[in-house]
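Undergrad: I have a structure I would like to understand better, so I am pasting it below and will then ask my questions one at a time.
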Amino acid sequence: MSNTSALIEKETGTKMVITIQDHRMPSIEEFSNGVSLGSGAYSHEAVARAILQSVEYDAIQITPILPKNTIMYFEGPMQRYVVMEIPAHKRNAFYHSAVLKNVPFPRLVMIFKMQNQQEKLHIQDVYVAALESNTINLEEAALNFYPYTNVQNDFSVCWGGQQLPVIERISQLTTFPDLFFNSPNSDCYYHSANNSKMTYRELIESIKNKKFPDEYLKPTGYTFLEWVKKLTSSI
C-alpha cells in the first residue's frame, strides 16, 4: 500500500490524487473508500483540462457590442483584440498635399490591440494586412503586406505624430478604419510594400478607378490564422 493510500485509507467515497513532480509527467491515482484502484501518468494539458471541466461556472458570458466588420474578438484580463475585415473598395487618398481620387484598396484585415486601464480602452497598436480578392477559406488564406504607405514591415501602422484617442466602448472602433484611410500618405514604408515595381504615385495613376490587382500583392509567408495567433499571443 502506498503512503498516499495509508493517509486516506479510512476515508469514504471516491478520491482522485494528483501528484506533480519535477522532470516527470503528472500522475493521477484513484481511490474508492480508501482503496487504491490504480494510477496512471498523464500530460500536464490533460490534467489541466480535467480540472477545468470539473469546475462549476456560469456559462453565460456577455460579449460587448462589436464594431462593424468584426470577424474575431479576444479578451484577456488587461488586453482586448478586435479583428476586422475591410472589403475591397475605392476612396480618395491623401498624398502629401494632393488629393488622389478613386484609389482602389484591396481586401484588408485590421487588428486593434487595446489595453484596459481604469475602465478605459487605450489603443496600443493597429496592424494591417491584405488578402486576395477571391479568398474563400479565410483561416488558411495567404496573407499579404499592405500595398501602400504608412504600414511597417511588422504590419504596425505608423501614425506619425497623430495620437490615438482613448475609447470607452469597443463599438467605437467602427470609425477607426476611416481614421487610417484618411491619414496623409508620404513615402514612408512604401519601399517593397508590393510587387508593382512602381512608385506610390505611379501605381495610383495606373490603377485608379480600377480594382486593385491581386498580382501586385506581396506575400508575407503567413496564413491569416497564423498571423492572428502571432499578434494576439500576448493575451
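The values are calculated or read from the model by the stated rules, or taken from the named source; none is laboratory data. Because the structure is a prediction, the values reported are computed rather than measured. Quick reminder, even Gly has a Cβ in these numbers, built from the backbone with ideal geometry, and neighbours come from all protein chains shown. Surface areas here come from the heavy atoms of the whole protein model, side chains and all, with no ligands, DNA or RNA. Shrake-Rupley method; radii C 1.70, N 1.55, O 1.52, S 1.80 Å.
Undergrad: Please report, for the Cα atoms of the chain, the Rg to one decimal and the Dmax as a whole number; what are they, in angstrom?
TA: 26.0, 85
Undergrad: Roll a 1.4 Å probe over the protein chains and send me the accessible area per residue for the chain in Å².
TA: 61 Å²
Undergrad: Let me ask something else about it. Just to be sure I understand the model, the point goes 7 Å from the Cα along the line to the Cβ. What's the resulting residue 92 to residue 215 distance in nm?
TA: Result: 3.2 nm between the two label points.
Undergrad: Stretch residue 85-residue 234 to full length: gain in nm at 0.36 nm per residue minus the Cα-Cα span?
TA: Working it through step by step, the gained length comes to 51.5 nm.
Undergrad: Could you check how much of the accessible area of the chain is carbon and sulfur, as a whole percent, using a 1.4 Å probe?
TA: Solvent-exposed carbon and sulfur of the chain make up 51 percent of the total.
Undergrad: Let me ask another. For the pair residue 37 and residue 223, what calculated FRET efficiency results from E = 1/(1 + (r/R0)^6), where r is the Cβ-Cβ distance and R0 = 35 Å, to the nearest 0.05?
TA: My answer for the efficiency is 0.15.
Undergrad: Once you place label points 7 Å from the Cα toward the Cβ at residue 162 and residue 117, how far apart are they in nm?
TA: 2.1 nm
Undergrad: Can you tell me how much longer the chain between residue 169 and residue 30 gets when fully stretched, taken as 0.36 nm per residue apart minus their C-alpha distance, in nm with one decimal?
TA: Answer, rounded to one decimal: 45.2 nm.
Undergrad: Let me ask something else about it. At 0.36 nm per residue, and after removing the present C-alpha to C-alpha distance, how many nm does the segment from residue 12 to residue 100 gain when stretched out fully?
TA: 23.7 nm is the gain from fully extending residue 12 to residue 100.
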